[in-house]
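Beneath this line is the structure, given in structure tokens, with notes to follow.
The values are calculated or read from the model by the stated rules, or taken from the named source; none is laboratory data. Since the structure is predicted, the reported quantities are computational estimates derived from the model, not experimental observations. Here the Cβ positions follow ideal geometry from the backbone for every residue, glycine too, while neighbour counts run over all protein chains shown.
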Amino acid sequence: MRKSTLFTKNRVALAVSVVLGAGLLLPVQAQQTENDNEAKDVNVEIIQVKGIRGSLARSMDMKRDGSGVMDAISAEEMGKFPDTNLAESLQRITGVSVSRANGEGSQITVRGFGPEFNLVTLNGRQMAGTGFSRSFNFENLSSEGVSALEIYKTARADVPTGGLGATVNIVTAKPLQNPGERYSIMAKGLHDSSNKAGDDVTPELAGIYSNTFMDDRFGVSANFSFHRRDFQRQSANVRSWQLNPSLSVDAADIVDGRPVDANGDVIPRFWRPDENGDLQPVTAAFFPQEISFAREDIQRERTNGQVTFQFAATDNVILTLDHTISNAVTGNNSLSWGVWNGSFGGNANAYELDENGTAIYYNSSGDDGSFTGFRETAEVDSKATGFNLAWAFSDTLSFNFDAHTSKTTTDNGKDKGIGAQARVILGSAALSSKEYFFRDGDIPGYNIRWLNGSNELSPNEIGSNFSIFTRTPGESEVDQVQFGGEWLPELGYGLAAVSFGAAYTKQSLSGSGGSNNANAPGFNNGTFAEIFPDSMFTRVDLSDFLDEFSFGAGGVSPGYAYTFNIDEAITRQLAALTEDVLGADAYEIGTFGPDMFPVNRIEEETVSLYLSTEWEFEVKGYYVDVNLGLRYEETDIVSPAKSRVPEYVYWAGGSEWLTQFASGGELVEVEFTGNYDLLLPMFDVKVDITDDWVGRFSAGKTITRPGLGQMLGNLSLTPSPKIGARSGSRGNPNLKPFESTNLDLSLEYYYGEASYAAIGLFWKDVDDWIDNSQVTTTFEGLHDVYLGQRWNAAVAAIEARGEQATDGAIYNEIVANGVGIGENNRVLPDPNTDPLIQWTINSPENVGARKVNGLEFAVQHVFGDSGFGTGINATLVDGDVEYDNVVLAAQAILPGLSNSANWQVFYEKHGWSVKLTAAWRDEYLAGQGQPDTTDAPPNYVEEYLQWDLSVNYAVNDNLTVFFEGINLTNETERSFGRFERQFLSAAQYGPRYAIGVRYTLGN
């Protein structure tokens, strides 16, 4: 009764099949090793259909033959995947949507579960992540050398855990899988329409080679790719929205659009927890902390390579050795400009609120306006080496041993001149007022009324504020050993296969580094504008800035900015702002050794065991496949941490407050530990209702482990605790993983070659939900000048003179009084008269259970021999994990939960292969929490629809020329807070085009 899915001719082929299937120890591979003895001597000529149609047919077959709910994407031919970006390919699968970085697909969301809920493996192996994250960035891996992508949406006992949303396995080509000499080379030129500073055409080169020797017993394959992209990112940003800041504004200067009751009082429309955690009705007003714009010129280079050796040592044993490298270097040279509103208080002059309490106009004095030069060269470097031994012990018993190690390093200090990320802030505090406005349009604007009487600053008025130099290198390592076996018993009773195995995985991450603040002079001890010649600044007209958006009736505002050479600005400040001039506040880049900054490290060791059985029955004429399995895992966590000790917080003037850490002292080291174990059952049923109809039911448990950054044990306080921004964070090594009980029910109809329709329902009940909680606390010794005795006395004196008590005025009053003043007029805290600082600390906790459910629908149809075909899929999701905009507190949410749909149409005939695709994602919640807030506000991303086009023409059997168009309609990105007028960000990139050629032999 058992149906063979692979034809073979000898025992060597049987052994080869153990490692040449879908992935190591994964379900499809297991099916491919189940060969009937009667098939051994059958000679079969296999004619492989290439191109789009062949890819769709192979993907459909993998879906139909698979156990549980799975989907796949197959390469169209050697060296040609359906999309140049693997994430863009995955979004063609039902239930998958992508999040983008720099306009490219970067990470995936599956059935509403974001990147951190999905496990990505390479040939069945868990790979090292980037940063303190388990998420995988597909933008760092090219598609050359990838033969298939498999996505498993239901529980599998023999699949590594971590994919509560899904497990994605990237399958690379192996030489013994397709004997003989074969190769493919590709070259193309890429034009990014957004590019302004880089090359108009950048290269992409790729190649793959495979050959076998010794009567096809030894094989080698290798692939490489190099990709470069030059582009510009234009953006607008509001840092955060502050809830009910303290404002001193005359009633005549307030326009309040919030609904009022019969007494004229604002109606409470929001809810906030009291000291007991009970929600109470409150009124709310929201103000923008900072608004800025940026123009970033970015150059990105990506290099990938893999080499694989395979040797059939005997008819029964296959040895495989492979090495994979990936290197991505991103350089960013940008300009930004903006204003800081965050001091509020006596700085406020006037404001207008809409019906939701959102400020659509805000006028204030104090603080400053600035122009910021930013430069960074960041590198992500990954290497992985693996060894596999597949042994077909007998016709019914096979074993598989796999060991690998992978390491990823990240470093944002690869700039050869500075050795760190540099942010150089120039500008002026010589302003009388500034205003924010967002009454209409897509993007808000601002104006500054300078003391020179105009709305524009002159170059000779631009001085030094401060600079920040940052370096945060990190390292991630995974060492993994897996052993598995499969027994094909001949016991009867319907038992068809037994799979078993064990694995040991050790994952470690470490990160160090931090920031050096070149604080001087901070606009308070002289701006030193004289050290910058007028010729250093170039005025930029912004009339065409962010032209895909509307700025309202007034157009882009401000309509100008100044660019400057960041190296010259640093050099001049190093030469002029020395210790002789500014003492301890001398301008310095600083050093970034591991002994200078906190070191975060976490180690996670997991031991796992699994047993999986496959049963086949015939029930009243229906073929029934049953999979029953169990997986056990035990995980230990150790998080040694080194932290800097804060001594005090001082006021540098204006809006600048800085934390002084213990100088010359050793870092304090503390070790935190955690442990948990899991038992994860699974159950799948597949029924062949007819030759065309398949029904499936699956039940099982899956997990997602806590984010590695969430389990770091140390406490971190912000080095720049501005008023309203006294925040910090600490991890929790004792977090338990998200644990989901899943049910899936689906019906599939396979009615033609590469044609099918499917509909499915899924339910996920997730326990031990993890979310951030916020506590307000104080730390002994950290006192606050703000609202202390000297502050209050200064306010009283200023107001008694009939003047406005802005931050600048209060600072000058305290300095003039001369009490508690340090070097360079730092206002130092007084433990006797100043209160302790109220810090808002974020900490992750397990907070309960949540439910998610949804519907998936897909149709794929090929119109006979016409050459035309189409496909469409959609996913609708729902659950009790949505954010309530009127609750002013942290909530248990599921970032990324959204409806999505994909559509493609293609024509493939007479040498032409043309495909048009559309990917749509509905508005979704990206997360909660904004900088320096205590009400955990949301971050929503607007819906997104992207159109792509590819055109290929086969000149002959070997040579193909092609054209690609990406983001044809120049789709933009925009995000907002509780309401659409709480603008957070907008960005545009522009369409990208490529023309290339591919030569293939022996495919």
- prompt: Of all residues in the stretch 423-453, how many are under 23 Å from Ala805 (Cα atoms) and part of a loop (DSSP other than H, G, I, E, B)?
  reply: 5
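Can you tell me which residue within the stretch 347-362, out of those that are among the polar types (S, T, N, Q) and at pLDDT 95 or above, is surrounded by the most Cβ atoms within 10 Å (Cβ to Cβ)?
Thr358
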- request: Select, from Asp878, Asp865, the only residue that is more than 27 Å from Phe738 (Cβ to Cβ), out of contact with any Ser or Thr (no Cβ under 6 Å at 6 or more places or on another chain) and at pLDDT below 95.
  value: Asp865
field: Any chance Thr538 is closer than 25 Å to Val581 by Cα, of a type outside the set (A, V, I, L, M, F, W, C) and not in a helix (DSSP H, G or I)
entry: no
message: Every residue in the stretch 100-116 that is assigned to a strand (DSSP E or B), of a type outside the set (A, V, I, L, M, F, W, C) and farther than 18 Å from Trp947 by Cβ, please.
response: Ser106, Gln107, Thr109
statement: Among (1) surrounded by fewer than 15 Cβ atoms within 10 Å (Cβ to Cβ); (2) more than 30 Å from Val556 (Cβ to Cβ); (3) over 35 Å from the mean Cα position of the chain (by Cα), Val255 falls short only on (2)
query: How many of the residues in the stretch 173-212 are within 26 Å of the chain's Cα centre (by Cα) and of a type in the set (Asp, Glu)?
result: 2
- prompt: Any chance the stretch 637-655 includes a residue that's of a type in the set (Phe, Trp, Tyr) and at pLDDT below 85?
  reply: no
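Just name the residue that is farthest from Arg156 (Cα to Cα) out of those in the stretch 747-775 that are among the aliphatic types (A, V, I, L, M) and part of a strand (DSSP E or B).
So, considering only residues that are among the aliphatic types (A, V, I, L, M) and part of a strand (DSSP E or B), the one farthest from Arg156 (Cα to Cα) is Val775.
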field: Yes/no for Phe224 being surrounded by fewer than 20 Cβ atoms within 10 Å (Cβ to Cβ) and touching a Gly at 6+ places or on another chain (Cβ under 6 Å)
entry: yes
query: Across the stretch 965-985, which residue is surrounded by the fewest Cβ atoms within 10 Å (Cβ to Cβ) among those that are closer than 21 Å to Tyr446 by Cα and free of Cβ contacts under 8 Å to residues at least 60 places away in the same chain?
result: Glu980
task: Output the strands (runs of 3 or more DSSP E) that fall wholly within the stretch 943-1003 and possess 2 or more residues being more than 22 Å from the chain's Cα centre (by Cα), modelled with pLDDT of 95 or more and over 23 Å from Phe293 (Cα atoms), or say none.
output: 944-954, 959-966, 992-1001
query: Identify, please: which residue in the stretch 847-883 is in a loop (DSSP other than H, G, I, E, B) and more than 24 Å from the chain's Cα centre (by Cα) and is, among those, farthest from Ala754 (Cα to Cα)?
result: Gly848
- line: If you go through Ala561, Ala576, the only one that is in contact with a helix residue (DSSP H, G or I) (Cβ under 6 Å, 6 or more places away or on another chain), surrounded by 15 or more Cβ atoms within 10 Å (Cβ to Cβ) and not charged (D, E, K, R) is Ala576
- line: By residue number, the members of the stretch 847-858 that are surrounded by 18 or more Cβ atoms within 10 Å (Cβ to Cβ) and at pLDDT 90 or above are Val852, Gly854, Glu856, Ala858
- request: Starting from the stretch 864-878, take each residue that is touching a residue at least 40 places away in the same chain (Cβ under 8 Å) and list its partners that are of a type in the set (D, E, K, R) and not in a strand (DSSP E or B), counting only C-beta distances under 7 angstrom and pairs at least six apart or across chains.
  value: Gly869/Arg53; Thr875/Arg111; Val877/Arg111
message: Of everything in the stretch 520-554, what is closer than 30 Å to Tyr650 by Cα and at pLDDT 90 or above? Give them in sequence order.
response: Ala529, Glu530, Ile531, Phe532
Filter pass, Ser950 being farther than 30 Å from Gly911 by Cβ, touching a strand residue (DSSP E or B) at 6+ places or on another chain (Cβ under 8 Å) and of a type in the set (Ser, Thr, Tyr): no
task: Check whether at least one residue in the stretch 435-447 is small (Gly, Ala, Ser), assigned by TED's automatic domain parsing to the domain that holds Val607 and under 29 Å from the mean Cα position of the chain (by Cα), and report yes or no.
output: no
query: Counting only residues that are in a loop (DSSP other than H, G, I, E, B), polar (S, T, N, Q) and surrounded by fewer than 18 Cβ atoms within 10 Å (Cβ to Cβ), which one in the stretch 804-846 is nearest to the chain's Cα centre (by Cα)?
result: Gln838
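Please verify whether Thr933 is in contact (Cβ under 8 Å) with a residue 60 or more places away in the chain, under 30 Å from Ser240 (Cα atoms) and among the hydroxyl-bearing types (Ser, Thr, Tyr), treating the condition exactly as stated.
Criteria met by Thr933.
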- prompt: Going by the structure shown, is Tyr940 within 30 Å of Ala954 (Cβ to Cβ) and modelled with pLDDT of 95 or more?
  reply: no
statement: Pairing a residue in the stretch 49-72 that is outside the structural domain of Val905 (by TED's automatic domain parsing) and in contact (Cβ under 8 Å) with a residue 40 or more places away in the chain with any residue that is in a helix (DSSP H, G or I) and crowded, with 22+ Cβ neighbours inside 10 Å, where Cβ atoms lie under 8 Å and the two sit 6 or more apart in sequence or on different chains, gives none
message: For a quick check of your reading of the model, give me the residue pairs whose first member lies in the stretch 415-428 and is under 17 Å from Glu568 (Cβ atoms), whose second is modelled with pLDDT of 90 or more and among the charged types (D, E, K, R), with beta-carbon atoms closer than 8 Å and at least 6 apart or on different chains.
response: Asp415/Arg375; Asp415/Glu376; Gly417/Asp567; Ile418/Arg375; Ala422/Arg375; Ala422/Glu376; Ala422/Asp415
message: Considering only residues that are among the β-branched types (Val, Ile, Thr) and within 24 Å of Leu658 (Cβ to Cβ), which ones fall in the stretch 770-784?
response: Val775, Thr776, Thr777, Thr778
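For (1) in contact with a Ser or Thr (Cβ under 8 Å, 6 or more places away or on another chain); (2) within 20 Å of Glu204 (Cβ to Cβ), each residue gets a yes or a no:
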{"residue": "His910", "(1), (2)": "no, no"}
{"residue": "Val914", "(1), (2)": "yes, no"}
{"residue": "Asp948", "(1), (2)": "yes, yes"}
{"residue": "Tyr953", "(1), (2)": "yes, yes"}
{"residue": "Glu971", "(1), (2)": "no, no"}
{"residue": "Leu984", "(1), (2)": "yes, no"}
{"residue": "Ile995", "(1), (2)": "no, yes"}
- prompt: Between a first residue in the stretch 765-793 that is over 21 Å from Glu647 (Cα atoms) and a second residue that is surrounded by 14 or more Cβ atoms within 10 Å (Cβ to Cβ) and basic (Lys, Arg), which pairs have beta carbons less than 6 Å apart while being 6 or more apart in sequence or on different chains?
  reply: Asp765/Lys851; Val766/Arg850; Asp768/Lys736; Trp769/Arg850
task: Give, as residue ranges, the strands (runs of 3 or more DSSP E) completely inside the stretch 669-746 that count at least 2 residues that are modelled with pLDDT under 90 and in contact with a Lys or Arg (Cβ under 8 Å, 6 or more places away or on another chain).
output: 715-717
task: Name the strands (runs of 3 or more DSSP E) wholly inside the stretch 246-336 in which the number of residues that are over 30 Å from Leu353 (Cβ atoms) is 1 or more.
output: 290-312
